[in-house]
1. Mind checking which pairs have a first residue in segment 19-41 that is in contact (Cβ under 8 Å) with a residue 40 or more places away in the chain and under 15 Å from residue 55 (Cα atoms) and a second that is among the aromatic types (Phe, Trp, Tyr) and away from the ligand (no atom under 11 Å from the Cβ), Cβ under 7 Å, 6 or more apart or different chains?
2. Residues in segment 95-113: is at least one open to solvent by 70 Å² or more (accessible area, probe 1.4 Å), of a type outside the set (Phe, Trp, Tyr), at pLDDT 95 or above and under 19 Å from residue 22 (Cβ atoms)?
3. With open to solvent by 60 Å² or more (accessible area, probe 1.4 Å) and at pLDDT below 95 as the only criterion, which of 126, 144 stands out?
4. Scan segment 15-49 for residues that are in contact with a Leu (Cβ under 7 Å, 6 or more places away or on another chain) and either open to solvent by 60 Å² or more (accessible area, probe 1.4 Å) or within 11 Å of the ligand (Cβ to nearest atom) (or both) and jot them down.
5. Answer with yes or no whether residue 119 is out of contact with any helix residue (DSSP H, G or I) (no Cβ under 9 Å at 6 or more places or on another chain) and within 13 Å of the ligand (Cβ to nearest atom).
6. In segment 79-94, how many are surrounded by 15 or more Cβ atoms within 10 Å (Cβ to Cβ) and without any contact (Cβ under 8 Å) to a residue 24 or more places away in the chain?
Amino acid sequence: MARIALFPGSFDPFTNGHLDIVRRGAALFDKVIIAIGTNSSKQRYLPVERMQALIATVFEDEPRVTVHTFKGLTAEFAREVGARYLLRGLRNSLDFEYEMPIAYGNQHVNTELETVFLLTSPTLGAVSSTIIRDIHRYGGNVDAFLPFVLPPVAELG
Ligand code: ADP
């Protein structure tokens, strides 16, 4: 049976830190499904369809990595797509504190699901979607943090 890992997140935007987790996850699992959650009440910076298309360009030559969007519970979506593993990245102890109750909650909803944490690679620990949004919003260059070129602010929407 194929070992499928789901890598869920907001990915607003997807960064080189996320890319690192996907690549390392792909070395551990047969398939990695990147899942952009759309049930958040917060407004997105990049429309979800736009982000999905940009991520898809990064993995167009890697059929074992696919990009989906989903609504509702992550653990239920994992069940729907046959993923027994939930992949998450840890940058620091704050990420760990944040992730632990989520992992327990997901396990409660789907007892078959195992959350697997990968520590961020040392050079990517400071890469965050929040900082990238802040720089990009005011016209700064964020190319060094992303595996694709983000359209200018005026073209987002
Ligand atoms: P969420 O809103 O679910 O936290 P994010 O898109 O912010 O979604 O992050 C998705 C996952 O990627 C989380 O597990 C997060 O800790 C991890 N992550 C974010 N940035 C990095 C990074 N620079 N290195 C490794 N993992 C990261």
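The values are calculated or read from the model by the stated rules, or taken from the named source; none is laboratory data. Quick caveat, the model's predicted, so the values are computed rather than measured. Cβ atoms come from the backbone with ideal geometry, glycine included; neighbour counts cover every protein chain shown. All accessible areas refer to the heavy atoms of the entire protein, side chains included, with ligands and DNA or RNA removed. Shrake-Rupley method; radii C 1.70, N 1.55, O 1.52, S 1.80 Å.
1. 35/70; 35/77
2. No, because not a single residue in segment 95-113 is open to solvent by 70 Å² or more (accessible area, probe 1.4 Å), of a type outside the set (Phe, Trp, Tyr), at pLDDT 95 or above and under 19 Å from residue 22 (Cβ atoms).
3. 126
4. Within segment 15-49, 15, 16, 17, 20, 21, 24, 25, 35 meet the criteria.
5. So residue 119 passes the test.
6. Number of matching residues: 0.
A quick yes/no check of all residues on (1) free of Cβ contacts under 8 Å to residues at least 60 places away in the same chain; (2) of a type in the set (A, V, I, L, M, F, W, C):
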| position | (1), (2) |
| --- | --- |
| 61 | yes, no |
| 67 | yes, yes |
| 71 | yes, no |
| 77 | no, yes |
| 98 | yes, no |
| 124 | no, yes |
| 130 | yes, no |
| 133 | no, no |
